[in-house]
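The values are calculated or read from the model by the stated rules, or taken from the named source; none is laboratory data. Treat the numbers as computed from the prediction; the structure is a model and nothing was measured. When we count neighbours, we look across all protein chains shown, and the Cβ atoms used for this are built from the backbone with ideal geometry, even at glycine.
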Amino acid sequence: MKELNKEEFKSEVEDYVKVLFRKSIKEADDQQIFQAVAYAVKDFIVDQWMATHRTYEEKDVKTVYYLSMEFLMGRALGNIIINLKGNQAIKEAIEELGLNLDVIEDQEPDAALGNGGLGRLAACFLDSLSTLGYAAYGCGIRYKYGMFKQVIENGYQIEKPDDWLKYGNPFEIKRPEYAVEVKFGGYVSIKKDEETGRNKFVQENYQSVLAVPYDLPVVGYNNNVVNTLRIWDAEAIDTFNLDSFDKGDYQKAVEQQNLARTICEVLYPNDNHMAGKELRLKQQYFFVSASVQRAVMKYMEKHDDIRKIHEKVCFQLNDTHPTVAVAELMRILVDEYNIEWDEAWHITNKTCAYTNHTIMSEALEKWPLELFSRLLPRIYQIIEEINRRFVLDIQRAYPDDYGKVERMAIIYDGQVKMAHLAIAAGFSVNGVARLHTEILKNQELKDFYQMMPEKFNNKTNGITQRRFLLHGNPLLADFVTKKIGDDWITDLKHIDELSVYTDDEMSRKEFMNIKYQNKVRLAKYIKEHNGIEVNPRSIFDVQVKRLHEYKRQLLNILHVMYLYNELKKNPDKEFYPRTFIFGAKASAGYHRAKSIIKLINSVADVVNNDKSIDGKIKVVFIENYRVSNAEIIFAAADVSEQISTASKEASGTGNMKFMLNGAVTLGTMDGANVEIVEEVGKENAFIFGLSSDEVIAYEHNGQYNPRDIYNTDGDIRAVLTQLVDGTYSSNLDEFRDIYNSLLDGQGGRPDMYFILKDFRSYAEAQERVSAAYADTAKWAKMAMLNTAKCGKFSSDRTIEEYAQEIWHLEKVKVEVTTED
Ligand code: 73E
């Protein structure tokens with residue numbers, strides 16, 4: 001690895017402040033300093049970036065294109081510095097310039113081009129791909145506005161635009177030389193090809209935009225590898241050129257400009273929910289078409305036979321969002337390379353693979369035929385033909401079972417079903433945790449699994465320890481390295497070597513002391529941002545994730561209300577002080593989710609200001625939860641709330657970040673929790689609630705009636721009554737919808753997510769948490785074991801599995817030479 005030279009770095013920073021802002025370091029403000037430091041760091045990595053791509057070309061390695069609508073990257077500067085092992089040199093350089101690295105890092109806006117787990121997973125995967133030395137591109141959209149900024153006013157969520165590019169992005173490089181055209185609308189006509197004499201399908205009278213890529217570096221850990229996240233921006237084609245004006249195409253020129261302006265404007269802020277908007281489909285086709293076109297062109301620059309593209313290229317579809325890729329590749333093969341359908345189909349089959357991230361029915365992508373065929377007429381034709389042949393295959397396989405076609409066709413009921421297309425067209429279908437994959441095989445995608453079992457496989461998610469321990473929790477990272485050396489940074493399995501220290505009292509004390517200091521750091525953040533005083537000696541019980549009913553933040557806050565009632569009834573009851581910490585964004589149009597945020601804040605208001613309970617319970621809602629403050633939050637957590645309705649959370653990845661940082665899981669047997677418990681042992685986690693089989697059985701038999709619980713359990717009834725009797729809001733209707741959803745469930749089943757059903761079991765698990773925490777030595781051991789046993793949950797392990805079992809990539813070593 002190239003060494004970072006401190007003196008050189010210092011003078012680069014000084015030069016950049018001058019060149020960019022005509023200022024000296026003393027005159028520049030914090031943002032300007034950040035920009036200058038970022039440019040100096042980019043300068044340093046650019047040689048490695050070039051060397052990486054030179055090496056890939058020389059060795060002609062296979063490349064994975066990770067197609068994703070979302071990349072939740074967070075801040076780049078601190079992460080890059082860490083991966084360069086440049087921490088010490090840069091820190092010293094910055095200090096010698098009279099600056100503070102933490103303050104500088106804090107100036108960087110998060111790159112929040114994603115909603116939650118799915119987008120953050122993509123970011124962790126890129127980090128691992130670079131660190132392991134695999135050739136990869138992340139392909140996505142350069143949204144002008146990322147995930148909205150959440151502001152809490154009077155307890156309500158208000159959304160503010162996230163203008164993350166306001167000061168420019170020092171890390172990106174615009175690559176206009178690689179721009180491509182993407183076409184929408186119009187119609188398809190058949191023309192005779194002069195050369196071949198064959199019929200050709202040509203899209204006419206379309207509108208198009210120019211897709212212009214911006215490249216961001218993805219720096220591997222200490223290995224010279226810098227991969228690329230390529231995000232596409234849309235620009236107008238032929239803006240008002242005289243030609244079209246003369247031809248009377250003025251209207252069209254304006255329309256094309258508008259199209260270009262709107263496509264990349266904003267990220268849809270819906271997690272686990274299909275927006276169903278035309279603009280969303282435009283976004284999907286826009287970045288997919290651009291990425292696939294470029295990948296094919298790049299392949300053809302060095303190879304002459306498009307028929308072998310699968311040997312060098314794999315498209316991984318991050319959920320169904322980029323599934324139009326299969327039809328786009330077919331279009332290029334059939335229309336542009338004149339390949340026969342059957343052969344094109346085989347090539348496509350060998351090139352595309354699909355990851356399923358959710359079974360939530362409202363998240364499944366189904367597009368109305370009318371919309372789809374109007375926006376993407378040629379792509380629609382191709383999908384029709386794929387469907388026609390697929391339906392024949394189904395009928396051949398199951399001649400007597402018409403239900404199969406009904407359940408499996410790609411086009412049915414006036415809709416294009418993207419998951420069916422992805423499964424039919426790819427060679428791999430993977431779930432994201434063992435339980436989730438089993439549910440796919442045995443329930444949700446049962447018919448597909450029966451017909452094509454060889455496609456199905458599991459890849460349990462993971463997270464990068466470099467961001468979520470090395471960067472986010474430097475104290476614990478140093479402790480681990482001091483005990484077992486630093487191999488864990490690139491091979492998290494080694495962290496198991498910490499296990500032996502869990503029996504050593506000194507080590508346990510040190511470990512808990514680090515947790516305490518991290519709690520002090522978070523308490524300070526909370527004081528600064530929320531004005532709430534919290535006691536770092538209390539149990540930090542944390543639930544941070546997107547707000548969704550299936551994730552059951554409501555169960556958590558109802559339990560807080562219950563505990564508060566208990567304390568009021570028995571003021572002398574022995575009670576270990578707790579701080580309940582929440583962080584969650586609700587999609588802007590998701591009313592019930594927003595009411596739950598209001599409820600949490602209303603309960604916080606009442607409980608935090610009730611002197612009679614002596615500060616034993618505090619409730620904090622951290623505003624604008626995002627990657628950058630997540631790093632601080634995970635480090636400080638004692639209890640990790642992973643309480644989704646069993647079967648609903650495909651994997652979860654926050655659960656892994658908590659575990660890595662020594663928090664103990666309080667959770668249901670859902671998603672990756674199952675595997676977490678398997679690694680750490682049941683005795684080192686707090687498990688409660690219905691199993692996924694039980695939930696699925698109730699969903700089928702309809703035998704669950706929450707009224708029975710309401711009628712028989714007085715404590716639960718009291719808590720529910722408080723939702724509508726003015727205890728938490730003078731407006732008695734404020735929480736009426738929540739109340740109704742639990743007991744009446746207009747438009748759905750009452751208590752669809754089994755909150756009342758799991759309530760007692762949850763409350764009892766919470767009591768076990770308190771008892772365990774009171775036993776200091778026991779808790780310390782549990783917490784430390786969680787850190788020690790999380791080796792499996794590195795995204796390095798996940799990526800290694802994808803690389804070996806799906807993508808078949810080879811590892812590359814990169815040397816930086818004088819050439820670069
Ligand atoms: O369980 C998580 C999973 O850990 C799942 O809910 C999430 O993906 C994570 C990573 O695998 C997810 N997000 C979406 N679907 N699954 C989604 C759906 C539509 C729009 C945006 C996100």
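A few remarks follow.
- Some residue of segment 584-592 being buried (at least 24 other Cβ atoms within 10 Å of the Cβ) and either modelled with pLDDT of 95 or more or acidic (Asp, Glu) (or both): yes
- Looking across segment 87-121, just one residue is modelled with pLDDT under 95 and buried (at least 22 other Cβ atoms within 10 Å of the Cβ), and that is 90.
- Condition check for residue 645 on (1) at pLDDT 95 or above; (2) out of contact with any Phe, Trp or Tyr (no Cβ under 6 Å at 6 or more places or on another chain): one failure, at (2).
- Within segment 74-94, residues that are under 19 Å from residue 122 (Cβ atoms) have Cβ atoms under 7 Å from residues that are among the basic types (Lys, Arg) in these pairs: 79/467; 83/466, counting only partners at least 6 apart in sequence or on another chain.
- Residues of segment 372-389 that are surrounded by fewer than 21 Cβ atoms within 10 Å (Cβ to Cβ) and under 18 Å from residue 342 (Cβ atoms): 381, 384, 385, 387, 388, 389.
- Every test in (1) within 23 Å of residue 770 (Cα to Cα); (2) under 16 Å from the mean Cα position of the chain (by Cα); (3) touching a residue at least 40 places away in the same chain (Cβ under 8 Å) is passed by residue 652 save one, and that test is (1).
- Only a single item in (1) touching a residue at least 60 places away in the same chain (Cβ under 8 Å); (2) of a type outside the set (Ser, Thr, Tyr); (3) part of a helix (DSSP H, G or I) is not met by residue 809, and it is number (3).
- Of the strands (runs of 3 or more DSSP E) lying entirely inside segment 100-167, those containing at least 1 residues that are within 14 Å of the ligand (Cβ to nearest atom) span 111-113, 136-141.
- Hits in segment 23-41 (condition: of a type in the set (D, E, K, R) and in contact with an Asp or Glu (Cβ under 9 Å, 6 or more places away or on another chain)): 23, 30
- Some residue of segment 675-682 being farther than 28 Å from residue 628 by Cα and more than 26 Å from the chain's Cα centre (by Cα): yes
Matching residues to (1) crowded, with 17+ Cβ neighbours inside 10 Å; (2) under 29 Å from the mean Cα position of the chain (by Cα); (3) assigned by TED's automatic domain parsing to the domain that holds residue 226:
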| site | (1), (2), (3) |
| --- | --- |
| 748 | no, yes, no |
| 761 | no, no, no |
| 768 | no, no, no |
| 774 | no, no, no |
| 778 | no, no, no |
| 787 | yes, yes, no |
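- Criterion applied to 744, 715 was being touching a Pro at 6+ places or on another chain (Cβ under 7 Å), outside the structural domain of residue 554 (by TED's automatic domain parsing) and among the acidic types (Asp, Glu), and the one residue passing it is 744.
- Condition met for residue 208 (within 18 Å of residue 260 (Cβ to Cβ), hydroxyl-bearing (Ser, Thr, Tyr), in a strand (DSSP E or B) and in the same structural domain as residue 379 (by TED's automatic domain parsing)): yes
- Residue selected from segment 52-97 under the condition away from the ligand (no atom under 16 Å from the Cβ) and in a strand (DSSP E or B), by the criterion nearest to the chain's Cα centre (by Cα): 65
- Checked across segment 361-371, the condition of being farther than 19 Å from residue 278 by Cβ, crowded, with 21+ Cβ neighbours inside 10 Å and in the same structural domain as residue 310 (by TED's automatic domain parsing) holds for no residue.
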